[in-house]
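Visitor: I'd like to ask some things about the structure below.
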Amino acid sequence: MRSIAKRERGRGVCLGLGIAGITVWTLFAGADAFGAGSEADLGKKVYASRCGICHGDKGDGKGLVGIIHRVEKRGLTWVSYPRDFTAGIFKFRSTMTGELPTDADLERVIRNGIPRSGMPSHIDVPANEIKAVMAYIKAFSPRWKQDKPGKSIAIKKPAEAGSSASAAKGEKIWKDMKCWECHGEKGLGDGPSVATLKDDWGDPSVPFDFTSGALKGGPDIEDIYRTFTTGVDGTPMPSYADSLGEADRWHLVSYSLKMMGKVK
Amino acid sequence: MKNASRFTMGAIAALFLTASPALAYEAAEVKDGGSLSGTVTGGPGKAGTLKVTKNEDVCGKTVADESGKVKENKIEGAVVTIQGIAKGKKADTKPAVLDNAQCVFHPHVQAAMVGSKIDILNSDPILHNSHAYIGGKITTFNVALPTKGQKVTKDLKKAGLMDVKCDAGHTWMKAWIVVHDSPYYAVTDAKGSFKIDNVPPGKYKVKVWHETLGETEKEVTIAAKADAKLDAALKK
Ligand SMILES: [Cu+2]
């Protein structure tokens, strides 16, 4: 099937050369029939075979599999909902709060998957299929036509990030920034606000328990920094980009690592 | 070649997309400007309080319910916007302000021009978390305000109806911001009245919106150097 797609694109190149510079309309039609057309077909096919079962044919997150239940450490149950692409809201972004993610952000999530959720990794999927399915996913929400993706934040890890001295500073910031109101004093996800937390779909939102395992946004120290800085759109987790200086955000990252048992 | 044609497609698409929804507003001197004033009436209103369920020591036991302030049939907090003005008076350059004070957003309803800034303040010694949506669903910003005196400034990038809630467990907190594509807007006062001045003479559509009492659209002709009257009635 993929070889057919390739052949069609080859024809597109020849035809494209033939009609070069005649009229804009011909270019438009030519590209539509042989360039973008085949990518759309490929995206549709990849989506149908790998994504639709959870995210639904219409991209509304209401696939056959539906809500996915998982059991966390210590017996706590939570519920995982496949992303509703029609809303155009994305959790894991390198762009500022309220902005669309970059293609690299989408690709990272598709490739690596999301730990502690039903989203598997897709490292086996060829690059052209990922690109095609990204375009297909974007077509579910009009937001991709109205807004441009934001710019990725710069991430420059300071040498002291992850050290116990930095974690000690982070512990005070954790208190002052009231992170504990949702995530709890010891980061167990059991703060006093938990019962009120809802996501944009009105479903309960469970604050991360730092002692429970893998981070949804990614395993690296830079991933934690990115989440503190850009927030998790669609959930109550805000951006701290404007509320807290860069150095302090890194101390908070260090303290997070400490709660996760990764700093001595 | 494929790249070139894609580029052309992209350029055409970009042209349509940027041109159709909102033309950039242009500030210019308004000659013989007129004004629009009137009263927004209707009901029923809703007086009462909302129960505080967190931080009672700072917030008190209840806060006023501002979602339907109607006195003698006059509606406070309705937003009036004149539609389709692409060129006119200079916009206010002061940022809009949204203050978290005693666990209530101040002001409860306001209007601002797209492209302007908004200062989000915390006047309370507790955590507030201002989470703003545009068009009802899409997060436009979600910022933490953990300390008293904190100020975060954001851009109002997109025109539309914004609503703000607080994700710090203050489920009763709510604010509305009408982000308009020109500086021709007003919010009705306690007597239900409003005035918009310095309007280029012409025939316009005018929208009147209220958070719980609905909206209506009227047509009005504003003559040079004259005050046009527009009274609107809203009903739930
Ligand atoms: Cu609050």
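The values are calculated or read from the model by the stated rules, or taken from the named source; none is laboratory data. Predicted model, so just to flag it, every value in this text is computed and none were measured. Using ideal geometry, Cβ is built from the backbone for each residue, glycine included, and neighbour counts are taken over all protein chains shown. We work out accessible area using only protein heavy atoms, side chains counted, and drop any ligands, DNA or RNA first. Shrake-Rupley method; radii C 1.70, N 1.55, O 1.52, S 1.80 Å.
Visitor: Looking at region A:13-86, what helices (runs of 4 or more DSSP H) fall wholly within it and have at least 1 residues that are modelled with pLDDT under 90 and among the hydroxyl-bearing types (Ser, Thr, Tyr)?
Guide: Correct list: A:24-30, A:37-46.
Visitor: Out of all the residues in region B:43-66, which are closer than 14 Å to residue B:189 by Cα and not acidic (Asp, Glu)?
Guide: Taking region B:43-66 and keeping what is closer than 14 Å to residue B:189 by Cα, we get B:66.
Correct list: empty.
Visitor: Looking at region A:89-118, which of its residues are farther than 30 Å from residue B:157 by Cα and in contact (Cβ under 8 Å) with a residue 40 or more places away in the chain? Please lay out each step first, then the result.
Guide: Initially, region A:89-118 is screened for residues farther than 30 Å from residue B:157 by Cα, giving A:111-118.
Those that are farther than 30 Å from residue B:157 by Cα and in contact (Cβ under 8 Å) with a residue 40 or more places away in the chain: A:112, A:114, A:115, A:116, A:117, A:118.
Visitor: Next question. Assess whether residue B:112 counts as being open to solvent by less than 50 Å² (accessible area, probe 1.4 Å) and either more than 11 Å from the ligand (Cβ to nearest atom) or closer than 27 Å to residue B:83 by Cβ (or both). Steps first, answer last, please.
Guide: Numbers: open to solvent by less than 50 Å² (accessible area, probe 1.4 Å): yes; either more than 11 Å from the ligand (Cβ to nearest atom) or closer than 27 Å to residue B:83 by Cβ (or both): yes.
Yes: the conditions hold for residue B:112.
Visitor: Is region B:207-214 home to any residue that is aromatic (Phe, Trp, Tyr) and under 14 Å from residue B:40 (Cα atoms)?
Guide: Here is the first cut: in region B:207-214, the ones aromatic (Phe, Trp, Tyr) are B:209.
Next, from what is left, pick out any that are under 14 Å from residue B:40 (Cα atoms): B:209.
Within region B:207-214 (the criterion being aromatic (Phe, Trp, Tyr) and under 14 Å from residue B:40 (Cα atoms)), the answer is yes, since at least one residue qualifies.
Visitor: Checking residue B:94 against (1) at positive phi; (2) more than 16 Å from the ligand (Cβ to nearest atom); (3) out of contact with any strand residue (DSSP E or B) (no Cβ under 6 Å at 6 or more places or on another chain), which single condition isn't satisfied?
Guide: Only one criterion in (1) at positive phi; (2) more than 16 Å from the ligand (Cβ to nearest atom); (3) out of contact with any strand residue (DSSP E or B) (no Cβ under 6 Å at 6 or more places or on another chain) is unmet by residue B:94, namely (1).
Visitor: Looking at residue B:125, is it loosely packed, with under 15 Cβ neighbours inside 10 Å and within 16 Å of the ligand (Cβ to nearest atom)?
Guide: Working: loosely packed, with under 15 Cβ neighbours inside 10 Å: yes; within 16 Å of the ligand (Cβ to nearest atom): yes.
Yes; evaluated as a whole, the condition is true for this residue.
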